[in-house]
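Contents: one structure, followed by commentary.
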Amino acid sequence: MPRARSPQGLAALFAGESQTRPTHRVGPKVVDYYLLHHVISGHGVFETEGRVHALGPGHTFLIRPKRLFSYASDADDPWRYRWVAFAGDRAESLLAEAGLGTERLIVDTGPARAPGERCREIYDAFRARSPSASLEAAGRLHLLLASLMSADAERAEQPPMADTHGEELVRQVIGYLSTQYAEPVSIEAMAETLGYNRAYLSRLFKRHAGVTPIAFLTRIRIDRGKRLLRERPELTVEQVASSVGFPDALYFSKQFRRAFGATPTSYRTDTLRS
């Protein structure tokens, strides 16, 4: 994919668009540039710095340089997104103006079309391969950040929508599962703790997050297990499985292979060799 040189200020490096396949996954990994994704349709999960975010249409999420991240599309409703990579000594200050300060990585632009269109225009500028592609892409990138700021401000001025309850419930479930995944979590017990009927909680969570609570819990456990396999070579596969909430190492291995196409042992061996 074409790349632009990175001068001082703000420069777009490359851009793209993808209709992902079910369970398409990127990471855990780090990059040395800013990487912004805007979700056009579908659903997925974005994880960084120990926080997990269930995202859908209208969400824009930011990956910062050198920070560990991963993201994955939903199995039933995989997301379609556009992305832009960029760098420059003004990137951080301009992001802050757009509403993406150091502690905020997501902007919900709702039905606003401008952010997605600006991403597409940056991609089109690179594909045109004209002598002015880098300048045009940089200009469109400034407009993209401006559109994020405008859309975020418009939504902040709007009264809360009726769906706020469902979104809050999703945040509660994600927070609960993200901290309790190593324990023998029961969806019934979680529902009781949060004060909801199990069937109602599961139905509402899937409607907003795109996956069931059980599928989300399994995904968290597998991702944490992958990290332990990579970072703690002294632990056996059985110990890793137990550490992330799988009392049965064989079941852990089966789920790991389904997610990543390799057994835990072969993944660890390949990682240590690289």
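The values are calculated or read from the model by the stated rules, or taken from the named source; none is laboratory data. Quantities reported herein were computed from a predicted structural model and do not represent experimental measurements. Using ideal geometry, Cβ is built from the backbone for each residue, glycine included, and neighbour counts are taken over all protein chains shown. Please note that ligands, DNA and RNA were not included when accessible areas were found on the heavy atoms of the full protein model with its side chains. Shrake-Rupley method; radii C 1.70, N 1.55, O 1.52, S 1.80 Å.
Among the listed residues L94, L105, L68, L143, identify the single one that is modelled with pLDDT of 85 or more and open to solvent by 70 Å² or more (accessible area, probe 1.4 Å).
Exactly one of L94, L105, L68, L143 is modelled with pLDDT of 85 or more and open to solvent by 70 Å² or more (accessible area, probe 1.4 Å), namely L143.
Of the helices (runs of 4 or more DSSP H) lying entirely inside region 223-274, those carrying at least 3 residues that are out of contact with any helix residue (DSSP H, G or I) (no Cβ under 8 Å at 6 or more places or on another chain) are 249-260, 264-273. Looking only at region 173-205, which residues are in a helix (DSSP H, G or I), touching a residue at least 12 places away in the same chain (Cβ under 8 Å) and farther than 28 Å from R227 by Cβ? Within region 173-205, L204 is the sole residue that qualifies. The numbered conditions (1) in a strand (DSSP E or B); (2) open to solvent by less than 30 Å² (accessible area, probe 1.4 Å); (3) in contact with a helix residue (DSSP H, G or I) (Cβ under 9 Å, 6 or more places away or on another chain) are all true for E17 except (2).
Residues that are within 12 Å of D108 (Cβ to Cβ) and modelled with pLDDT under 55 were ranked within region 146-167; the one that is surrounded by the most Cβ atoms within 10 Å (Cβ to Cβ) is R155. Here I214 meets the list (1) without any contact (Cβ under 8 Å) to a residue 24 or more places away in the chain; (2) within 26 Å of L68 (Cβ to Cβ); (3) open to solvent by 30 Å² or more (accessible area, probe 1.4 Å) almost entirely, failing just condition (1).
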